[in-house]
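Below is one structure; the comments refer to it alone.
The values are calculated or read from the model by the stated rules, or taken from the named source; none is laboratory data. Fair warning: this is a prediction, and the values are worked out from it, not measured in the lab. Cβ: placed from backbone, ideal geometry, glycine included. Neighbour counts: every protein chain shown. Each accessible area value is taken on the protein alone, full model and side chains, heavy atoms only, with ligands, DNA and RNA left out. Shrake-Rupley method; radii C 1.70, N 1.55, O 1.52, S 1.80 Å.
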Amino acid sequence: MSISSAMLAGVSGLSANSSALAAISNNISNANTTGYKRVQVEFQTLVTGANNAGAVTGGYSAGGVMGTNHYLNSVKGLLQRSTSNKDLSIDGNGFFVTTEKATDVGSTDTRLFTRAGSFRVDEFGFLRNTAGLYLQGWPANNVGEITVDPSDVNNLKSINISSVGGSAEATTLVGVNANLKSSQTIAAAAGGPVGGGGTVTYLPTVAATSMAAYDPSAGTGVKPDFEIQIPISDSKGGRRTITMGLLKSQVANEWYAEVYSKDFSSTNTPPNRIAFGVVRFTPDGKLDIPAAVTSTYAGGAAATSLFGAGANRLTLNASGQPQLLIGASGPADATLRWGNALGVGAQTVALDLTAVGGGMTQLDSPSVTQLVTPNGTAFGNLTDVEIGKDGIVTAIYDNGVTRRLGQVAVATFANPDGLGSVSGNAFVVTRESGTYNLKAPGTGGAGFLAPSTLESSTVDLSTEFTGLITTQRAYSASSKIITTADEMLSELINIKR
């Protein structure tokens, strides 16, 4: 009977508009939820019958209406500035990959996808958002290299910023800018007085006549005409000092040079000597670095250029671990190493005497060290963590060192509107959404990250309140259908009276 179908159509209208009211209510309540995606109920007609051949003329069966939820996950909210550098949003397509537990995440554990990037550091150093979901990414190895493997979600790990402690970098390069006085009086040990003719007694391989062993209180060694102090950092970030002693020789534009340090141990005589040789300058006072220089020490011993071509590197062996020196300045010594008590690792230090501020010169002005610029750093503590738009997570230390910890992964879907919604403003994969594709931010259609921003909710309150009014009216109209059908049935029943 058509009146009955009309009543059922009214009931379907009540049900559909109730669903619409629930969706609107949920939207309004999440108007300030970070990364929330608006839900919309769309109506479609239900047809259960029509005027068919043989049917009673005028007969009609009302099918009613059905409400279908439509998740607008592909709609992007506005990006708003945040005060935390750990707040993240995605400027473009994609979702953060998250898990409900930080460690021991297996292939059977559910991966949740979200645009809510209000991440904070928990008590164990993991990045977790306000819903308790842990941010996933590709970890860096010990040297900061990151292997992006989008083929296997099991390669993702929870981003942890407390997995690294302090940091130090050993010195590998030192730039020296200094001047040696060209009119320096030639010391007696180098054949002085000025003008030559004296006997050269300086010999770096003998403690009594070397600059490395100079000690005025003990009366040993030869006093350098000038010393350059070179601070460097060892493998543990400890501050060490290497000294370059220089002594003007009888040969024009030539100086004897030794490199030594009290932090060294060897069977050399003296034991703290690292390297020795001669340094020559051109007539206009610039450093002359030939492949080899022939000169003499006391007794006619051959002297070669300390900084000949390719020989400006000092190989410093690890404490207690003597190794054969390769390419070091001066003669090879299998026992030359850092002091055993220091317990530090080996390192190679290159001395650049030409580039920094004009390098080393020999001009007729007082000998002076203008600038010494070693790289490497002392021990530093973790002070901050930054996340770049490419998803690279970088630890920053108070000594200026930075270290990469990992890279945030972004997942994209063929149909993001088909994702299933779960608590915590997150989504799960469904048949309608298709499988996820893991990508580095900014690649393959995935959006870049926007640090220190949050994606606002896609809810427009003016639209929701307008929908609230129209839904209320439609609900009232559907209820009126039921009461009208009820009155008509009552009239029909009253015919018998």
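The table below lists the values:
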{"quantity": "Identity of the residue in the range 64-101, among the charged types (D, E, K, R) and open to solvent by 20 Å² or more (accessible area, probe 1.4 Å), that ends up nearest to the chain's Cα centre (by Cα)", "calculated": "Lys86"}
{"quantity": "First in the range 403-426 and farther than 24 Å from Asn155 by Cα and open to solvent by 50 Å² or more (accessible area, probe 1.4 Å), second anywhere and of a type in the set (Lys, Arg) and not in a strand (DSSP E or B), Cβ under 9 Å, 6 or more apart", "calculated": "Ser421/Lys37"}
{"quantity": "Index of the failed condition, Thr269 passing every other in (1) in contact with a helix residue (DSSP H, G or I) (Cβ under 7 Å, 6 or more places away or on another chain); (2) in a loop (DSSP other than H, G, I, E, B); (3) polar (S, T, N, Q); (4) buried (at least 18 other Cβ atoms within 10 Å of the Cβ)", "calculated": "(4)"}
{"quantity": "Residue within the range 345-360 that is in contact with a strand residue (DSSP E or B) (Cβ under 9 Å, 6 or more places away or on another chain) and within 30 Å of Thr99 (Cβ to Cβ) present", "calculated": "no"}
{"quantity": "Selected residue (only one of Asp152, Asp104, Asp109 is under 17 Å from Thr412 (Cα atoms), surrounded by fewer than 21 Cβ atoms within 10 Å (Cβ to Cβ) and of a type outside the set (Lys, Arg))", "calculated": "Asp152"}
{"quantity": "Number of the exception - Ser490 against (1) open to solvent by 30 Å² or more (accessible area, probe 1.4 Å); (2) at pLDDT below 90; (3) under 25 Å from Ser89 (Cα atoms)", "calculated": "(3)"}
{"quantity": "Yes/no for Ile495 being modelled with pLDDT under 90 and open to solvent by less than 50 Å² (accessible area, probe 1.4 Å)", "calculated": "no"}
{"quantity": "Residues of the range 101-116 satisfying the condition of being in contact with a Gly (Cβ under 7 Å, 6 or more places away or on another chain) and in a loop (DSSP other than H, G, I, E, B)", "calculated": "Arg115, Ala116"}
{"quantity": "Single residue of the range 238-262 satisfying the filter (outside any strand (DSSP E or B) and open to solvent by less than 10 Å² (accessible area, probe 1.4 Å)) that is nearest to Thr294 (Cα to Cα)", "calculated": "Ser249"}
{"quantity": "Residue selected from the range 345-360 under the condition part of a helix (DSSP H, G or I) and more than 31 Å from the chain's Cα centre (by Cα), by the criterion surrounded by the fewest Cβ atoms within 10 Å (Cβ to Cβ)", "calculated": "Gly357"}
{"quantity": "Residue match in the range 79-92 (condition: assigned to a strand (DSSP E or B) and either touching a helix residue (DSSP H, G or I) at 6+ places or on another chain (Cβ under 8 Å) or of a type in the set (Gly, Ala, Ser) (or both))", "calculated": "yes"}
{"quantity": "Restricting the range 1-39 to residues that are open to solvent by 40 Å² or more (accessible area, probe 1.4 Å) and within 15 Å of Val65 (Cβ to Cβ), the residue that is farthest from the chain's Cα centre (by Cα)", "calculated": "Met7"}
{"quantity": "In the range 361-371, residue farthest from Thr315 (Cα to Cα) [restricted to those that are out of contact with any Gly (no Cβ under 7 Å at 6 or more places or on another chain) and either crowded, with 18+ Cβ neighbours inside 10 Å or of a type in the set (D, E, K, R) (or both)]", "calculated": "Asp364"}
{"quantity": "From the options Gly442, Gly434, residue that is part of a loop (DSSP other than H, G, I, E, B) and crowded, with 16+ Cβ neighbours inside 10 Å", "calculated": "Gly442"}
{"quantity": "Candidates Ala332, Ala378, Ala350, filtered to the one that is at pLDDT 80 or above and aliphatic (A, V, I, L, M)", "calculated": "Ala350"}
{"quantity": "Residue in the range 459-469 that is in contact (Cβ under 8 Å) with a residue 24 or more places away in the chain, closer than 20 Å to Ala62 by Cα and either assigned to a loop (DSSP other than H, G, I, E, B) or open to solvent by less than 50 Å² (accessible area, probe 1.4 Å) (or both) present", "calculated": "no"}
{"quantity": "Whichever residue in the range 122-134 is in a strand (DSSP E or B) and out of contact with any Lys or Arg (no Cβ under 7 Å at 6 or more places or on another chain) and, among such residues, is most open to solvent (accessible area, probe 1.4 Å)", "calculated": "Phe126"}
